[in-house]
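To start, the structure itself, in structure tokens.
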Amino acid sequence: MCDTCGCNVTDGNRHLLQEGGELARTRGGRDAVEVLEGLLSANDHQAAHNRDHFAAHGVLAINLMSSPGSGKTSLLEATIEALGDELKIGVIEGDLETENDAKRIRDKGAPAVQIATGSACHLDAHMVHHALHELSLDGLDILFVENVGNLVCPASFDLGQHFNVALLSVTEGDDKPAKYPVMFRSTDLVLLTKSDLLAVLDDFEPAKAEQAVRNLANPAPIFTLSARKGEGMAAWLDWLRDEVARHKTALAAEQTTPIDPNHVHDQRHHHP
Amino acid sequence: MHELSICYGLMDQVERIAAEQRAVKVVEIVLRIGPLSGVEPQLLAHAFPVAAAGGIAEDAELVIEDMPLRVYCEACDAESEAAPNRLLCGHCGGFYTRVVSGDEMLLARLELEREEEAAIGGSNNTTEDTENTEKTA
């Protein structure tokens, strides 16, 4: 058998050498290898691992995404205030710098860990996992991950959450879902925030924002609310109650294997 | 700008596969990127030399295949072309569609140079052969 005349090619291995095959040769004797692996496979692997952590503690994880200043932290403050006695809430805060948001959450009596991403424009599954080592999930019903304020990058990274919730404040423009389709396509719930300002804004129509979301083939529910004034909060709070209950029922139904506390991490990642 | 961190992740993947394949050099990296993936092919191409510097893929050519955006409509049982911010069925206009192509962010293929040339003439000939690639010098 040799590698020159092709006599080592048999019926059993021919398919590997043909074009597109695992061992296909290309020009100059180079080898082409089919991979077909997601570029975020390391992140996705870590996200699945985070999901195991959440399952082991029966926690519902929600990834909050929006532009900076659309009211994510205010929404969390109002939510903790409203549900504080009923559901135990923990928060992971993502910002480029400062502990400000985590402090605001702690002032409302909920545990919070701040991730300062430095120059990174999004949270990834590794950063969330790191934060999980500083936040006890015991007894929590909901873990909110408040992503970095950004309508672009956070949409690409699975953190292990069960739901994505996107906020769109009425001061931003009702065409945002059409401008940032990756984010608004992947969200499970849209909250139109700062609704108390609708009265003075004549250029934001909730119906247009909803149409832009539907154009992305996204049937997600859309609630309009103002966390500051307490308007429209009931639909959001009921949604949370329902999803927590559904999540606990689903977890009880399926036997989950507890995570090995001595697990080893071999995933590396870098940030600029 | 998350393209640079994606490129660093890509380099980890490429280095791992190159090591598994006993490659000495990565000549070409082929990616498939869809318009709904959230990454900009052009930014990825700019970030690539920065991430690849000093590694096994330093001189590799990065080829990005743009994937078409297509949706499938269950009501019509048909596929149609779509735009990133308009993923409606091209036939009935309905929004109960599913993206069948266009959200990929894949490492599709690598072209490698293996170490076999370098191994020839070496004293030990213990390269692990797999059942289908047995070679005799």
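Any idea which residue in segment B:66-75 is nearest to the other protein chains (Cβ to nearest Cβ), counting only those that are in a loop (DSSP other than H, G, I, E, B) and surrounded by 15 or more Cβ atoms within 10 Å (Cβ to Cβ)? So, considering only residues that are in a loop (DSSP other than H, G, I, E, B) and surrounded by 15 or more Cβ atoms within 10 Å (Cβ to Cβ), the one nearest to the other protein chains (Cβ to nearest Cβ) is B:LEU69.
Condition first: modelled with pLDDT of 95 or more, buried (at least 20 other Cβ atoms within 10 Å of the Cβ), more than 11 Å from chain A (Cβ to nearest Cβ) and part of a loop (DSSP other than H, G, I, E, B). Can you find one or more residues in segment B:84-96 that meet it? Scanning segment B:84-96, I find no residue that is modelled with pLDDT of 95 or more, buried (at least 20 other Cβ atoms within 10 Å of the Cβ), more than 11 Å from chain A (Cβ to nearest Cβ) and part of a loop (DSSP other than H, G, I, E, B), so the answer is no. For segment A:142-151, the criterion of being open to solvent by 30 Å² or more (accessible area, probe 1.4 Å) and either part of a loop (DSSP other than H, G, I, E, B) or within 27 Å of B:ILE33 (Cα to Cα) (or both) is met by no residue. Residues in segment A:100-141 that are surrounded by fewer than 18 Cβ atoms within 10 Å (Cβ to Cβ), farther than 19 Å from A:LYS72 by Cβ and under 18 Å from the mean Cα position of the chain (by Cα): A:HIS130, A:LEU137. Could we say that A:SER226 is without any contact (Cβ under 8 Å) to a residue 40 or more places away in the chain, within 16 Å of A:LYS72 (Cβ to Cβ) and assigned by TED's automatic domain parsing to the domain that holds A:VAL152 here? Yes: the conditions hold for A:SER226. Within the option set B:GLU79, B:GLU28, being more than 12 Å from chain A (Cβ to nearest Cβ), surrounded by 14 or more Cβ atoms within 10 Å (Cβ to Cβ) and part of a strand (DSSP E or B) holds for one residue only, B:GLU79. Among the candidates A:LEU96, A:LEU64, A:LEU16, the residue that is in the same structural domain as A:ARG228 (by TED's automatic domain parsing), of a type outside the set (Asp, Glu) and modelled with pLDDT under 95 is uniquely A:LEU96.
One residue alone among A:LEU23, A:LEU87 is crowded, with 16+ Cβ neighbours inside 10 Å, over 19 Å from the mean Cα position of the chain (by Cα), part of a loop (DSSP other than H, G, I, E, B) and modelled with pLDDT of 90 or more, and that residue is A:LEU87. No other residue among B:GLY38, B:GLY9 is open to solvent by 10 Å² or more (accessible area, probe 1.4 Å), part of a loop (DSSP other than H, G, I, E, B), within 9 Å of another protein chain (Cβ to nearest Cβ) and more than 12 Å from B:LEU110 (Cβ to Cβ) apart from B:GLY38. The set of residues in segment A:36-71 that are part of a loop (DSSP other than H, G, I, E, B), over 29 Å from B:ARG16 (Cα atoms) and open to solvent by 10 Å² or more (accessible area, probe 1.4 Å) comprises A:GLY58, A:SER67, A:PRO68, A:GLY69, A:GLY71.
The values are calculated or read from the model by the stated rules, or taken from the named source; none is laboratory data. Treat the numbers as computed from the prediction; the structure is a model and nothing was measured. Methodologically, a virtual Cβ is constructed for each residue, glycine included, from the backbone with ideal geometry; neighbour enumeration extends over all protein chains shown. In case anyone asks, the SASA skips ligands and DNA or RNA and just uses the protein heavy atoms, side chains included. Shrake-Rupley method; radii C 1.70, N 1.55, O 1.52, S 1.80 Å.
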